[in-house]
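Engineer: Dropping the structure in here first, questions after.
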Amino acid sequence: MALSVALLLPVASSTYFVHLLNLCFLSAIGALGLMLLTGYCGQISLGHAAFLAVGAFTTVILTVHVGAPFILVVPTAALAGALLGFIVGLPSLRFRGVYLAISTLAMHYAIIFLATSYQAKFGQSASAGITIADPSIGPLVLRGDHAWYYFLLVLLTLTTACCLNLVRTRPGRAWMAIRDRDIAAQALGVNLARFKLLAFMTSSTLASISGSLLAYYSNVVTVEKYTLDLAVIYVAMIIVGGMGSILGARRVAIYITLLPFGIDSLFSYLPRAWRFGSTIFGIQVGAVGVCIILFLLFEPKGLAEIWHRIETYFDRWPFRYRPLDTVRR
């Protein structure tokens, strides 16, 4: 049923709505990478936007200067992201908590500085983006929102399946052991250095793939997209989705991506909506922060826990459900 709805949805929807869904799919791929790193391995990162930028600017370099085809550019962008993830993951061998977050933040600004310098040299100006052509796979050209929709739908489905199976393998179990108690995990034989670096490399690889595909989809790459605000938005996706939930990250990536557009649509119904331009932007940014605060206060386990409670309720309805740890006095 869900597959049928997903396949037929573009037919019954406007082009703009399909465009929004494509942005949601791209965000979900990046959110899955951060979920593996933070939600499963417990490594805090504020540099996810830099991983996206690496994928995007690697795509620009290979497309504009080398003329490489799409089937080579995306894997190369993934390799570039994995290499950066290895470098950024090295401080995790010595740091943890806020110190690790600061080290990833420093990496973010270093990458953005390099990207800004590249854009200023090869772009039309320091603020103008660099345009790239639509990608092609043999005779098939990925052009238009509907073509991208089906391509990204298949890619997101495969990525989700890979992540779900990955967390059930030895690396996934090692990541969860490191997240829960790294000293005990090391005592049990888990190689902390190996699996921490693997988590960073896997996360940065997925983020770079997302950044590369976004560059192709938008046909323009500009460093102004990859701000610290974007990194915080991805952190919001995994907090609201629920730490340690692959499907939660994917669902909330769609919600967080659509949230600014929904707020903009609400203000469009007001008379002379153009007067609220700066106000709308502030509300869009603040809404993400409010979501983080509310979930941290009232449901730290995120939407995944809420969804689990709803499933449990209907599984046991009409019988009353009482948690096992509740003792009646």
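Engineer: Sorted by mean Cβ packing within 10 Å, highest first, what order do the peptides 200-212, 153-165 take?
Structural biologist: The densest-packed peptide leads the list: 200-212, 153-165.
Engineer: Which of Phe25, Phe95, Phe298 moves most in a GNM of the chain, Cα contacts under 10 Å?
Structural biologist: Of Phe25, Phe95, Phe298, the Gaussian network model singles out Phe298 as fluctuating most.
Engineer: Where a Cα-Cα gap under 27 Å defines reach, which lysines qualify for Lys196, not counting those fewer than 8 residues away within the same chain?
Structural biologist: Of all the lysines, those that pass the test against Lys196 - Cα under 27 Å, at least 8 places apart if same chain - are Lys301.
Engineer: Set the Förster distance to 41 Å, then compute FRET efficiency between Asp264 and Ala187 from the Cβ-Cβ distance, nearest 0.05.
Structural biologist: Using R0 = 41 Å, I get an efficiency of 0.20.
Engineer: While we're on this one: If r is the Cβ-Cβ distance from Leu8 to Val285 and R0 is 35 Å, what FRET efficiency results, to the nearest 0.05?
Structural biologist: 0.50
Engineer: State, to one decimal in nm, how far the label point of Phe86 lies from the label point of Leu114, with both points 7 Å from Cα in the Cβ direction.
Structural biologist: 1.4 nm
Engineer: Under a point spin-label approximation (7 Å from Cα along Cα-to-Cβ), what is the Glu299-Ala106 distance to one decimal in nm?
Structural biologist: For Glu299 paired with Ala106, the spin-label model returns 3.8 nm.
Engineer: Identify, among Leu83, Ile293, Ala31, the residue whose Cα sits farthest towards the positive end of the charge dipole of the chain, taking +1 on the Cβ of Lys and Arg and -1 on the Cβ of Asp and Glu, with the dipole about the Cα centre.
Structural biologist: Ile293
Engineer: What value, in deg cm²/dmol to 500, does the helix sum -39500 (n - 2.57) over DSSP H runs of n ≥ 4 give at 222 nm once divided by the residues of the chain?
Structural biologist: After summing the helix terms and dividing by the residues of the chain, the value is -23500 deg cm²/dmol.
Engineer: So how far apart, in nm, are the two label points at Phe122 and Arg173 if each is 7 Å from Cα heading toward Cβ?
Structural biologist: 4.5 nm
Engineer: Only one of the values [x] 18, 38, 32, 11, 1; [y] 29, 58, 13, 1; [z] 32, 61, 7 was calculated from this structure for P(r) over Cα pairs in 20 Å bins from 0, in percent; name its label.
Structural biologist: So the structure-derived entry is [y].
Engineer: Length gain on complete extension for the stretch Val141 to Ile71, per 0.36 nm per residue less the alpha carbon to alpha carbon distance?
Structural biologist: 24.0 nm
Engineer: State in Å² the accessible area per residue of the chain; use a 1.4 Å probe, count heavy atoms of protein chains only, and round to the nearest integer.
Structural biologist: 53 Å²
Engineer: How big is the charge dipole of the chain about its Cα centre, in debye rounded to the nearest 20, if each Lys and Arg gets +1 on its Cβ and each Asp and Glu gets -1 on its Cβ?
Structural biologist: Once rounded to the nearest 20, the dipole reads 920 debye.
The values are calculated or read from the model by the stated rules, or taken from the named source; none is laboratory data. All values derive from a computational prediction rather than experimental measurement. Cβ coordinates were reconstructed from backbone atoms using ideal geometry, including for glycine residues, and neighbour counts include every protein chain displayed. To get the accessible areas, we keep the full protein, side chains included, count just its heavy atoms, and leave off ligands, DNA and RNA. Shrake-Rupley method; radii C 1.70, N 1.55, O 1.52, S 1.80 Å.
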